[in-house]
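First up is the structure itself, then whatever we jot down about it.
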Amino acid sequence: MQRTQDERLRHMLALCARGHDYYRRRWTEAGVDVGTIRGVDDLERLPLTSKQDLMADPEAFRLRVPDLPLHERALWEVIYTTGSTAEPTPVYNTTHDYHAYLFQSRRVAEISGIRETDVIANLFPLTPAPMGAFLRSVTNAYAAGATICAALPGSAHGGFDVHRPLDYAVRTVQVHRVSVLWGVPSFVRRVLLRAKELAADFSSVRMCAISGEATTPEMREELRRCLRDLRAAGTTVFDRYGSTELGAFAQCREEGDWHNPAPEIQYHEVVDPATGRRLPDGERGMLAVTHLDRRGTVLVRFVVGDTVSITREPCPHCGRSSERVVGPVVRGGDLVKVKGMLVNPGALVAALAGMEGLDEFQIVVRRENEADPYSMDELVVRIACRDHKLVAQVAARALEVTRVSARVEVVDAREIYDPAQAKAKRFVDLRTVTRT
């Protein structure tokens, strides 16, 4: 496999040297002759690429080599990825890249247990810009030979009235006897909760395939609890790890590591973001991906933004020997300072997601006095529940997890979760001035 990776890397770098504006400029500035890079072991000599670099000039990352065969040049689709700015970032895919994603998706299906007999419900939102999760649900179904239908949720936009409400998603699952719920975890949960309220028939469902949000063991157990309450055919929660830029990694078992399904087309390493040094397997650092066989948007040593570790030992469960991403996955920028304390909102989300009786919840950081941008911070947990005894339990849990006292507000669920939105905001920072 490494011989294959080395060969493809050399070819990929040669193409970039001919027609990739960003890397031709960046490697010249770094004084690197890419012709001397002989394989993946030499990648450490190349500089890292940040998401900010891609967002600043996405057109410069598009490979332009005019004498390539048509299928390697023809633009098949443009998928957008979210970033820290208001404008999403385009990722260009040629026909060659689309075929590569079909290849990768077939492997993902094999590893995760998606079958040709499955009926998949695409529960991802229909967004203003074409996002990978929505578009690629169809591609994943094609690759597995499965059937797919779409619920078309999301915030309404445009003049054609094509978006559908939450109850339509529940009906879709019933009508098509869906076996796999495919979507953002928070929206999948809303569908399951609404199905319980309507006493819907979800007996055909055997799996939730989730991505698009970081999840926790507690959140995934909440999904399983809902499936059990609905007497579903199965309670498997397949937690996909990935991004628009690299596609999806797959678990061969629940709560397991994430396999790289296609080492022929991607190489992964864990790096020190400050120095670019590759870290040994098993040591935690930032995940970086290098495309070995792409023709549209091409990324080399692209820092995804997640802290993980990697193992290349054969999987003890399925025996596969490609590298695996080992969690916990810590997203860059996850820590925030509240009242002088560093707080991990994800840890509090995890703790609350595991509490029975909470219909909805949201964590808010704001100023005690909204008119004074320099007033004290306030940690607020907004909850929707039927049993108000949960107020004290939530306050205690928040203090235990964050070491910061939280004020708990009981509100209507609709104030926290808008059914028109397919993705719930579990954490909101309303402060306008950042203090250190």
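The values are calculated or read from the model by the stated rules, or taken from the named source; none is laboratory data. None of the values given here were measured: they were computed from a predicted structure. A quick note on method: Cβ atoms are made from the backbone with ideal geometry, for glycine too, and the neighbour counts reach across all protein chains shown. For accessibility, only protein heavy atoms count, side chains too; no ligands or nucleic acids. Shrake-Rupley method; radii C 1.70, N 1.55, O 1.52, S 1.80 Å.
Residues in the range 5-35 that are of a type in the set (Ser, Thr, Tyr) and touching a Pro at 6+ places or on another chain (Cβ under 8 Å): how many?
0
For the range 133-150, name all the residues that are over 19 Å from Gly234 (Cα atoms) and either open to solvent by 50 Å² or more (accessible area, probe 1.4 Å) or in contact with a Lys or Arg (Cβ under 6 Å, 6 or more places away or on another chain) (or both).
Leu135, Tyr142, Ala143
I'd like to know if the range 49-60 contains one or more residues that are in contact with a Lys or Arg (Cβ under 6 Å, 6 or more places away or on another chain) and within 14 Å of Phe302 (Cα to Cα).
Yes, the range 49-60 has at least one match.
Here are Glu245, Glu218: which of them is touching a helix residue (DSSP H, G or I) at 6+ places or on another chain (Cβ under 6 Å) and touching a residue at least 40 places away in the same chain (Cβ under 8 Å)?
So the residue among Glu245, Glu218 that is touching a helix residue (DSSP H, G or I) at 6+ places or on another chain (Cβ under 6 Å) and touching a residue at least 40 places away in the same chain (Cβ under 8 Å) is Glu218.
Scan the range 57-75 and give yes if some residue there is out of contact with any helix residue (DSSP H, G or I) (no Cβ under 6 Å at 6 or more places or on another chain) and within 23 Å of Ala150 (Cα to Cα), otherwise no.
Scanning the range 57-75, I find no residue that is out of contact with any helix residue (DSSP H, G or I) (no Cβ under 6 Å at 6 or more places or on another chain) and within 23 Å of Ala150 (Cα to Cα), so the answer is no.
Every residue in the range 88-109 that is touching a residue at least 40 places away in the same chain (Cβ under 8 Å) and open to solvent by 30 Å² or more (accessible area, probe 1.4 Å), please.
Pro88, His96, Leu102, Phe103, Arg107 - these are the residues of the range 88-109 that are touching a residue at least 40 places away in the same chain (Cβ under 8 Å) and open to solvent by 30 Å² or more (accessible area, probe 1.4 Å).
Can you name every residue in the range 78-113 that is part of a helix (DSSP H, G or I) and in contact with a Pro (Cβ under 7 Å, 6 or more places away or on another chain)?
Gln104, Arg107, Val108, Ile111, listed by residue number.
In the range 320-418, which strands (runs of 3 or more DSSP E) lie fully inside it and hold 1 or more residues that are β-branched (Val, Ile, Thr) and modelled with pLDDT under 85?
Of the strands (runs of 3 or more DSSP E) lying wholly inside the range 320-418, those with at least 1 residues that are β-branched (Val, Ile, Thr) and modelled with pLDDT under 85 span 324-331, 336-338, 341-343.
In the range 267-289, what residues are open to solvent by less than 40 Å² (accessible area, probe 1.4 Å) and either under 19 Å from the mean Cα position of the chain (by Cα) or β-branched (Val, Ile, Thr) (or both)?
Residues satisfying the conditions are Tyr267, His268, Glu269, Val270, Val271, Gly285, Met286, Leu287, Ala288, Val289.
All but one of (1) assigned to a loop (DSSP other than H, G, I, E, B); (2) open to solvent by 10 Å² or more (accessible area, probe 1.4 Å); (3) in contact with a Lys or Arg (Cβ under 8 Å, 6 or more places away or on another chain) hold for Ala262; state the number of the condition that does not hold.
(2)
Scan the range 147-163 residue by residue and report those that are closer than 24 Å to Ala129 by Cβ and in contact with a strand residue (DSSP E or B) (Cβ under 9 Å, 6 or more places away or on another chain).
Matches in the range 147-163: Ile148, Cys149, Ala150, Ala151, Leu152, Pro153.
Of all residues being over 19 Å from Arg26 (Cβ atoms) and either in contact with a His (Cβ under 7 Å, 6 or more places away or on another chain) or among the small types (Gly, Ala, Ser) (or both) in the range 48-93, which is modelled with the lowest pLDDT? Just the residue, please.
Ser84
Note down all Cβ pairs under 9 Å where the first residue falls in the range 391-404 and is over 18 Å from Asp377 (Cβ atoms), the second is open to solvent by less than 80 Å² (accessible area, probe 1.4 Å) and part of a helix (DSSP H, G or I), and they're at least six residues apart or on different chains.
Pairs that qualify, where the first residue is over 18 Å from Asp377 (Cβ atoms) and the partner is open to solvent by less than 80 Å² (accessible area, probe 1.4 Å) and part of a helix (DSSP H, G or I), are Val394/Leu352; Arg397/Leu348; Arg397/Ala351; Arg397/Leu352; Glu400/Ala351.
Looking at the range 159-184, I want the residues that are at pLDDT below 95 and have a partner that is open to solvent by 70 Å² or more (accessible area, probe 1.4 Å) with Cβ atoms under 6 Å, at least 6 apart or on another chain. Which pairs are those?
Once the first residue is at pLDDT below 95 and sits in the range 159-184, its partners that are open to solvent by 70 Å² or more (accessible area, probe 1.4 Å) give His163/Ala156; Val184/Lys423.
Say we look at the range 362-409 and pick out the residues that are surrounded by 20 or more Cβ atoms within 10 Å (Cβ to Cβ) and of a type in the set (Gly, Ala, Ser); which of these is nearest to Val349 (Cα to Cα)?
Ala398
Residues of the range 114-160 being part of a helix (DSSP H, G or I) and within 18 Å of Glu77 (Cα to Cα), which ones?
Gly132, Ala133, Phe134, Leu135, Arg136, Ser137, Val138, Thr139, Asn140, Ala141, Tyr142, Ala143
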